[in-house]
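Heads up, the thing below is written out as structure tokens.
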């Protein structure tokens, strides 16, 4: 995130909220401590949801909105990291809206079988592909 701050001509004090990938609390605390970001500016929801992989940042952003931690025009930093020493950070300015547009009453259809029934078409497709190659 240091490089992203430099490229944006900002420093840690300019950030209103850091929303990191919610891998585990130890990593979040170590990363934000190295940047000099106070805990009050870091969104942490791992205790509520666990590590939800690629969904952790969008879920944390939604939780931050629901908790009133994002205000119009806030400067937000998101940072993600993963296996193989991969990482990335983005700094952006939040827009005006800080509430949900609407909710949906959509529901998933009731399951008609188990996971093997759901995956059967894929299994059949790929097994015939592998047999012909």
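Derivation of every value follows stated rules applied to the coordinates shown; laboratory data play no part. This structure is a prediction, so every number in the text was calculated from the model and none was measured. Cβ placement follows ideal geometry from the backbone for every residue including glycine, while neighbour counts extend to all protein chains displayed.
Some observations on this one:
- Taken along the Cα-to-beta-carbon direction at a fixed 7 Å, the label points for residue 128 and residue 48 span 4.7 nm.
- Three-way shape label, segment 58-133, alpha-carbon gyration tensor, a/c 1.5: oblate
- Linear extension gain, residue 120 paired with residue 7, 0.36 nm per residue minus alpha-carbon span: 35.8 nm
- Once both labels are positioned 7 Å from their Cα atoms along Cα-to-Cβ, the gap between residue 55 and residue 16 label points is 2.7 nm.
- Stretching the chain fully between residue 97 and residue 25 yields a gain of 23.0 nm (0.36 nm per residue, less the alpha carbon separation).
- P(r) tail for the chain: Cα pairs beyond 25 Å make up 43% of the total.
- Rough spin-label spacing in nm, given labels placed 7 Å along Cα→Cβ, for residue 67 and residue 34: 2.3
- For segment 1-78, the calculated P(r), taken from all Cα-Cα distances in 5 Å bins from zero up to the bin holding the longest distance, is 3, 16, 28, 25, 20, 7, 1 percent.
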